[in-house]
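Undergrad: Please find one structure pasted underneath; my questions will follow.
The values are calculated or read from the model by the stated rules, or taken from the named source; none is laboratory data. Keep in mind the model is a prediction, meaning the values are calculated, not measured. Cβ sites come from the backbone with ideal geometry, for glycine too, and all protein chains shown count toward neighbours.
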Amino acid sequence: MTVVFYISGHGFGHASREVEIINALGRAAPDARIVIRSAVSPSLLERTIQVPYELRPGACDSGIVQTTSVAHDDDATIAAAVAFYSTYDERVEAEARHLAEESIDVIVGDIPPIAFDVAGRLGVPSVAIANFTWDWIYETHAGLIDRAPWILPRIRQAYRRADLALELPFAGGFGVFTNVRRIPLVARRPTRGREDTRRFFGVPLDRPAALLSFGGYGMPSLDVRTIDSRDWTLVATDRVLPDGARTRASNVVHIDERKFLGAGFRYEDLVSAVDVVVTKPGFGIVSECIACGTAMLYTSRGAFREYDVFVRDMPRVLRCRFISQDDLFAGRWRGALDDLLRQPPPPETMATDGADIAAAQIACLGVSS
C-alpha cells in the first residue's frame, strides 16, 4: 500500500499531527510506503517520524504569511494565495502526472485542496484530516474576498472531492465536505519522565519552569532579561530565542535543538516536564499541552479565525490563561504565571487517541482501493 500525504507548510501543527498519524499507520500497516509532499521543515520530520518515508519538498498550498510568530501580513497572504491559485490547474496537472507513474492507493490531505483534486484525477480515494479548512480561514481574512472572490469557490470545489473528512476537535469549516467523521485529538505524547527530561536538558528540579514555544519564527525580539519571572526557570530552544545578548539571563535554560537528535527525547517530553508553556494557541502545542496535562499561558496571534475557536473551547479541557502582547513583551509575566498555577484543573478531559483511529481509516481505504 502506498499512501501520499499532502501536508500544509503553514505552522507546525499540520505536520506534527500527521507525523503521529504516519507513525500509527506504520504500526498498523508495517509494509505501507509513505510519501510526503510538503514544504515543512525536513528536520522536523527527521526528528519525529519513526518509519521509512520519502519527502518530496515543495509548497502545496499558500497558507497565511506571517511577519512574526504572533502577527500576520494580510496583503502578503492575499498575494501568495492569488499567485498559488492562479496557476492551480497547472499544479494539479503536474502533480497528477508525476504520481500517475506510481501505484498510489490513497491520498491524505492536511489540508491542501490540491490533494483532493489530484486524487480525483488519479481515481484514488482521498482523506481530509484537519481542524479547519482554508476556505473557512480565508472567508474572514481581511481583503481576500474583495480582491480575489474566485479563490474560495475553487478551494471548496476541491474539498468536495474528498471521499472522507476526519474532523479533529477545535474545528471549523467542515460543512464543505460530503462525508465527515469526528475523531479524537491527535497529539504527540511524552515517552520520558519529568525528572529524566529535566536532568537531560539541565532544567532545575526544585522550581517551576515555563517553556517558551513560538514555532518556526521564534521570538527574537523578546528580551528575556526584562522578564519578571522570579522563582521561575524559563526554558527556550534556539529556534525561539536565537543566541545573543538579549537571551542571556541567569534563570534561562537555552537548549540547542540539535540535542533532540538521537537522544531519545522529543519536544513533547519537554512540554510534559515543565509546569507552563508560554505560547500562541495553535493545534500542535494546544494538543500537546492537553495530552501532557501542562498549563498554557497564551497570547494573541493576529487576525486568524482559528484563534477564536481555541480561546472559546480551551478552558473546558486545558488549564490556560491569557497574557496580552503588551505584557508579554514588557516582561510582566510573574503574576500571570503564579495565578495560572493556582487555577483548578479543567472541568473536562479529552481523548488523545485520534492518530490510531485516523491510521485505521486510511489503511481501510488503502486496502479497499
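Undergrad: Among the residues of the stretch 34-54, count how many are buried (at least 17 other Cβ atoms within 10 Å of the Cβ) and assigned to a strand (DSSP E or B).
TA: Of the residues in the stretch 34-54, 5 are buried (at least 17 other Cβ atoms within 10 Å of the Cβ) and assigned to a strand (DSSP E or B).
Undergrad: On to the next question. Can you confirm whether residue 346 is surrounded by fewer than 22 Cβ atoms within 10 Å (Cβ to Cβ), not in a helix (DSSP H, G or I) and not basic (Lys, Arg)?
TA: Yes: the conditions hold for residue 346.
Undergrad: Count, please, the residues in the stretch 318-336 that happen to be basic (Lys, Arg) and in contact (Cβ under 8 Å) with a residue 40 or more places away in the chain.
TA: Count: 2.
Undergrad: From the residues in the stretch 261-276 that are small (Gly, Ala, Ser) and at pLDDT below 90, which one is nearest to residue 20 (Cα to Cα)?
TA: Once the filter is applied, the top-ranked residue is 264.
Undergrad: Condition first: touching a residue at least 60 places away in the same chain (Cβ under 8 Å), surrounded by fewer than 17 Cβ atoms within 10 Å (Cβ to Cβ) and aromatic (Phe, Trp, Tyr). Can you find one or more residues in the stretch 197-204 that meet it?
TA: For the stretch 197-204, residues touching a residue at least 60 places away in the same chain (Cβ under 8 Å), surrounded by fewer than 17 Cβ atoms within 10 Å (Cβ to Cβ) and aromatic (Phe, Trp, Tyr): absent.
Undergrad: Of a type in the set (D, E, K, R) and either surrounded by 16 or more Cβ atoms within 10 Å (Cβ to Cβ) or in the same structural domain as residue 171 (by TED's automatic domain parsing) (or both), is that true of residue 326?
TA: no
Undergrad: Next up: Please state which one of 89, 74, 105 is of a type in the set (Asp, Glu), under 21 Å from residue 160 (Cβ atoms) and more than 17 Å from the chain's Cα centre (by Cα).
TA: Answer to the selection: 89.
Undergrad: If we keep just the residues of the stretch 155-184 that are of a type in the set (D, E, K, R) and part of a strand (DSSP E or B), which is surrounded by the most Cβ atoms within 10 Å (Cβ to Cβ)?
TA: Here the answer is 167.
Undergrad: Name the residue, out of 76, 100, 81, 94, that is surrounded by fewer than 18 Cβ atoms within 10 Å (Cβ to Cβ) and in contact with a Leu (Cβ under 9 Å, 6 or more places away or on another chain).
TA: Only one candidate qualifies: 100.
Undergrad: State which residue is nearest to residue 4 (Cα to Cα) when the search covers only the stretch 85-104 and only residues that are in contact with a helix residue (DSSP H, G or I) (Cβ under 8 Å, 6 or more places away or on another chain) and not acidic (Asp, Glu).
TA: Once the filter is applied, the top-ranked residue is 104.
Undergrad: Residues being touching a strand residue (DSSP E or B) at 6+ places or on another chain (Cβ under 7 Å) and among the small types (Gly, Ala, Ser): count how many of those fall in the stretch 322-367.
TA: 5
Undergrad: Further question: All but one of (1) under 25 Å from residue 172 (Cβ atoms); (2) at pLDDT below 95 hold for residue 101; state the number of the condition that does not hold.
TA: Going through (1) under 25 Å from residue 172 (Cβ atoms); (2) at pLDDT below 95 one by one, residue 101 breaks only (1).
Undergrad: Need pairs with beta-carbon distance below 8 Å; first residue farther than 25 Å from residue 360 by Cα and in the same structural domain as residue 16 (by TED's automatic domain parsing) and within the stretch 126-148, second of a type in the set (Phe, Trp, Tyr) and at pLDDT below 95; sequence gap 6+ or separate chains.
TA: Close Cβ pairs (under 8 Å, with a partner that is of a type in the set (Phe, Trp, Tyr) and at pLDDT below 95) amount to 137/304.
Undergrad: Looking at 109, 123, which is the one that is surrounded by fewer than 16 Cβ atoms within 10 Å (Cβ to Cβ) and more than 23 Å from residue 280 (Cβ to Cβ)?
TA: Residue meeting the stated conditions: 123.
Undergrad: Turning to a different aspect of this structure: If a residue must be in a helix (DSSP H, G or I) and either in contact (Cβ under 8 Å) with a residue 12 or more places away in the chain or within 15 Å of the chain's Cα centre (by Cα) (or both), how many such residues does the stretch 276-317 contain?
TA: 21
Undergrad: Can you go through 313, 269, 238 and tell me which one is of a type in the set (Asp, Glu) and under 17 Å from residue 216 (Cβ atoms)?
TA: Criteria check complete, one pass: 238.
Undergrad: Here is a further query. Across the stretch 283-323, which residue is farthest from residue 215 (Cα to Cα) among those that are of a type in the set (Ser, Thr, Tyr) and touching a helix residue (DSSP H, G or I) at 6+ places or on another chain (Cβ under 9 Å)?
TA: For the stretch 283-323, the residue satisfying everything is 294.
Undergrad: List pairs: first in the stretch 1-14 and more than 17 Å from residue 104 (Cα to Cα), second crowded, with 20+ Cβ neighbours inside 10 Å and charged (D, E, K, R), Cβ under 8 Å, 6+ apart or cross-chain?
TA: Listed pairs, sorted by first residue: 8/61; 8/110; 9/61; 10/61; 14/110.
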